[in-house]
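What follows is a set of notes on a single structure, which appears directly below.
Derivation of every value follows stated rules applied to the coordinates shown; laboratory data play no part. Since the model is a prediction, treat every value here as computed from it, not as a measurement. Please note: Cβ atoms are built from the backbone with ideal geometry, for glycine as well, and neighbour counts cover all protein chains shown.
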């Protein structure tokens with residue numbers, strides 16, 4: 001696109017070109033560029049001709065809008081005639097990754113959240129009784145959420161693999177593997193939530209105090225799985241950040257944000273094993289940095305301009 | 001509705017006629033908007049042909065070999081600070097198809113007039 005057409009006052013030329021871009025989506029570059037350039041040239045000529053006739057920009061915009069609207073049935077017919085009713089829409093890789101990054105915020109929040117119950121030996125019985133007093137739906141909704149999001153993570157990551165592995169085989173595959181493990185952990189965690197809910201149901205029926213100790217094991221498992229999830233998701237996000245930066249989709253400074261998150265996550269896990277009191281501070285830094293990277297990176301890739309070159313005015317003259 | 005092979009729809013006849021008229025006026029090659037303007041002026045239409053209708057028909061005519069097109073030199077467009085034009089011209093086959101179509105229309109009109117005279 002030459003952008004010369006955007007010098008024309010009014011919104012209609014831009015709307016027309018957006019419409020062209022939309023109905024040409026999925027077509028070959030040659031066919032799409034031919035139609036875009038032709039319409040762009042037409043709009044420019046129309047405006048220049050109208051100005052020479054003394055027409056106002058507003059009147060010309062109305063004329064252009066009329067030509068756009070009256071031509072829509074033909075545009076659609078042409079689109080399907082050109083490539084049949086099979087529409088092979090190929091979304092640019094950066095848009096796919098952008099959607100994935102924004103979506104990953106959900107499992108990153110949900111998957112790394114702990115059960116919220118105090119699992120210390122002295123406090124657990126009361127915490128479990130409170131949990132058991134909840135309705136079954138209230139208890140199981142977390143399990144459903146984890147399972148659903150876990151499955152969606154695996155599906156989303158498979159799309160990343162399909163679209164991106166040819167562009168950066170090692171890094172994309174590694175990021176996909178980490179994130180897929182995160183998705184599987186969420187599904188497993190969902191199952192543990194269901195198991196703990198079933199134990200609560202048994203406890204409500206029988207009042208057997210032995211169930212409380214078993215349920216504590218489930219609650220600890222949820223905590224461990226959440227930390228594991230945070231670990232693999234962090235590794236996946238940091239790897240993904242390196243991959244998308246190498247692909248040139250995001251500026252290099254974004255890597256620093258993910259890097260801070262990655263380093264904080266590693267220190268946090270080290271602190272857990274060293275049993276010092278700072279692990280949560282590092283964990284929060286890791287979580288916030290990586291969440292911020294997902295948010296900024298996702299919006300950047302989704303709303304930023306496509307990297308596909310559109311050299312219509314500068315393409316070489318035909319031989 | 002499918003048309004008979006080798007026949008032209010009215011818009012295609014109009015486009016070829018406009019192309020021939022422009023060529024007779026010295027403009028051998030023409031761009032899409034020039035055709036739309038020519039159609040509006042010659043047929044005294046109120047509105048310019050819609051984008052979708054016009055460019056679909058132009059592409060159809062080119063695929064049928066009745067028009068040929070090329071992208072103009074980028075330097076020309078850059079010098080005039082405007083987008084590059086796709087320039088069309090009517091081929092010999094296009095002129096023949098137009099002639100045949102106009103002849104068929106004329107003979108059909110003549111036949112209609114004859115039958116009206118016979119009826120009255």
Exercise for review: Please build a GNM for chain A, connecting alpha carbons under 10 Å apart, and tell me which residue among A:185, A:76, A:222 fluctuates the most.
Suggested key: A:76
Study note, to complete from the structure: Helix A:12-23 sits off the longest principal axis of the Cα atoms of chain A, rounded to the nearest 10 on a 0 to 90 degree scale, by 60
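Would you list A:118, A:33 from fewest to most Cβ contacts within 10 Å?
A:118, A:33
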Review point. Spin-label point model (7 Å from Cα, Cβ direction): what's the residue A:152 to residue B:24 distance in nm?
Key: 6.6
Point to revise | Nearest 10 degrees, 0 to 90: helix B:92-119 Cα axis against chain B principal axis | key: 30
Check your understanding: How far, in degrees from 0 to 90, does helix A:210-246 lean away from the longest principal axis of the Cα atoms of chain A, to the nearest 10?
Key -> 30
Point to revise | Fluctuation leader among B:102, B:67, B:16 - chain B, Gaussian network, Cα springs under 10 angstrom | key: B:102
Point to revise | At 0.692 mPa s and 37 °C, Stokes D of the protein assembly as shown from Kirkwood alpha-carbon radius, µm² per second | key: 121
Study note, to complete from the structure: Shielding of B:82-94 by other chains, given as the mean Cβ count within 10 Å, works out to 4
Check your understanding: So for the pair residue A:76, residue B:118, with labels modelled 7 Å out along Cα→Cβ, what separation do we get in nm?
Key -> 4.5
Revision key, fill the gap. GNM on chain B, Cα springs under 10 Å; top mean-square fluctuation among B:57, B:36, B:79 goes to B:79
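Taking every residue in A:164-175, how many Cβ atoms of other protein chains lie within 10 Å of its Cβ, on average?
0
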**Study point:** Percent RCO, i.e. relative contact order, over chain B, from Cα pairs under 8 Å lying at least 6 residues apart
**Key:** 27
